[in-house]
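Take a look at the structure set out below.
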Amino acid sequence: MAIATVLVVAVFYCGYRINFTPSEPVGLWRIVSLERPASVGDLVFICPPLTAAIREARARGYLRVGSCPGAIAPLIKTIIAVAGQHVEIGAHVTIDGRPIPFSDLAERDGAGRPMTPFPGGVVPAGSVFLYSAFRSSYDSRYFGPLPASGIVGLAQQVLTYAP
């Protein structure tokens with residue numbers, strides 16, 4: 001019981017999170033303060049706004065319970081585009097004409113429900129486009145860019161396992 005209590009305190013009050021999803025390695029992660037503007041290549045924790053796509057993802061069970069608005073857990077994703085960059089989504093994703101490896105889209109989720117991709121376009125000011133190489137990841141390929149103001153911090157692996 002004491003170990004569980006210490007773990008809960010560390011997770012919620014000391015900047016640590018436990019990732020249970022395969023989008024990034026499973027295990028203990030640390031949130032590191034981001035003291036500069038977010039940039040391409042940053043692996044971040046981010047709270048998504050409660051858009052229709054995020055509400056549907058929550059209803060479908062894609063998102064875990066957590067500390068973000070709507071009781072959603074922060075997402076762990078890599079920023080692959082920032083404001084002003086052009087995102088094209090077809091069979092896979094391209095950023096400013098550069099193809100993103102392993103970015104093919106799923107037509108259906110694990111339950112056979114259709115997946116609706118984001119139509120693409122220019123990333124708006126103050127926003128970031130997020131991605132995970134895990135094919136079943138629910139990321140900006142489906143929900144579009146998110147406000148950079150939702151970034152909680154950089155994601156740093158502490159004790160993780162990548163199957």
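Among residues of region 18-30 being open to solvent by less than 70 Å² (accessible area, probe 1.4 Å) and in contact with a Pro (Cβ under 8 Å, 6 or more places away or on another chain), the one that is modelled with the highest pLDDT is Val26. Of all residues in region 34-58, those being open to solvent by less than 60 Å² (accessible area, probe 1.4 Å) and either assigned to a helix (DSSP H, G or I) or farther than 18 Å from Tyr16 by Cα (or both) number 9.
For region 91-106, the criterion of being without any contact (Cβ under 8 Å) to a residue 24 or more places away in the chain and touching a Leu at 6+ places or on another chain (Cβ under 9 Å) is met by at least one residue.
Listed by first and then second residue, the pairs with beta-carbon distance under 6 Å, at least 6 apart or on different chains, first residue in region 22-49 and within 17 Å of Ala81 (Cα to Cα), second among the small types (Gly, Ala, Ser) and open to solvent by 30 Å² or more (accessible area, probe 1.4 Å), are Ala38/Ala148.
Annotation: Arg98 fulfils all but one of (1) in contact with a strand residue (DSSP E or B) (Cβ under 8 Å, 6 or more places away or on another chain); (2) open to solvent by 50 Å² or more (accessible area, probe 1.4 Å); the unmet one is (1).
Scoring Ala83 on the criteria (1) of a type in the set (A, V, I, L, M); (2) modelled with pLDDT of 95 or more; (3) more than 11 Å from Phe129 (Cβ to Cβ); (4) surrounded by fewer than 20 Cβ atoms within 10 Å (Cβ to Cβ) leaves a single failure, condition (3). For beta carbons closer than 7 Å, sequence separation of 6+ or different chains, a first residue in region 141-163 that is touching a residue at least 60 places away in the same chain (Cβ under 8 Å) and more than 16 Å from Gly15 (Cβ to Cβ) and a second that is among the β-branched types (Val, Ile, Thr) and crowded, with 21+ Cβ neighbours inside 10 Å, the qualifying pairs are Phe143/Ile54; Pro145/Val123; Pro145/Val128; Leu146/Ile46; Leu146/Val128; Ala148/Val128; Gly150/Ile46. Take Pro114 and decide whether it is in contact (Cβ under 8 Å) with a residue 12 or more places away in the chain and either open to solvent by 40 Å² or more (accessible area, probe 1.4 Å) or within 16 Å of the chain's Cα centre (by Cα) (or both). No, not satisfied.
In the set Arg141, Arg135, which member is of a type outside the set (Ser, Thr, Tyr), over 23 Å from Ser67 (Cβ atoms) and at pLDDT 95 or above?
Values: Arg135 fails: at pLDDT 95 or above.
Result: Arg141 is the single residue among Arg141, Arg135 that is of a type outside the set (Ser, Thr, Tyr), over 23 Å from Ser67 (Cβ atoms) and at pLDDT 95 or above.
The values are calculated or read from the model by the stated rules, or taken from the named source; none is laboratory data. What you see is a predicted model; the values in this text were computed from it and never measured. Cβ: placed from backbone, ideal geometry, glycine included. Neighbour counts: every protein chain shown. Areas reflect the complete protein model, heavy atoms only, side chains present, ligands, DNA and RNA absent. Shrake-Rupley method; radii C 1.70, N 1.55, O 1.52, S 1.80 Å.
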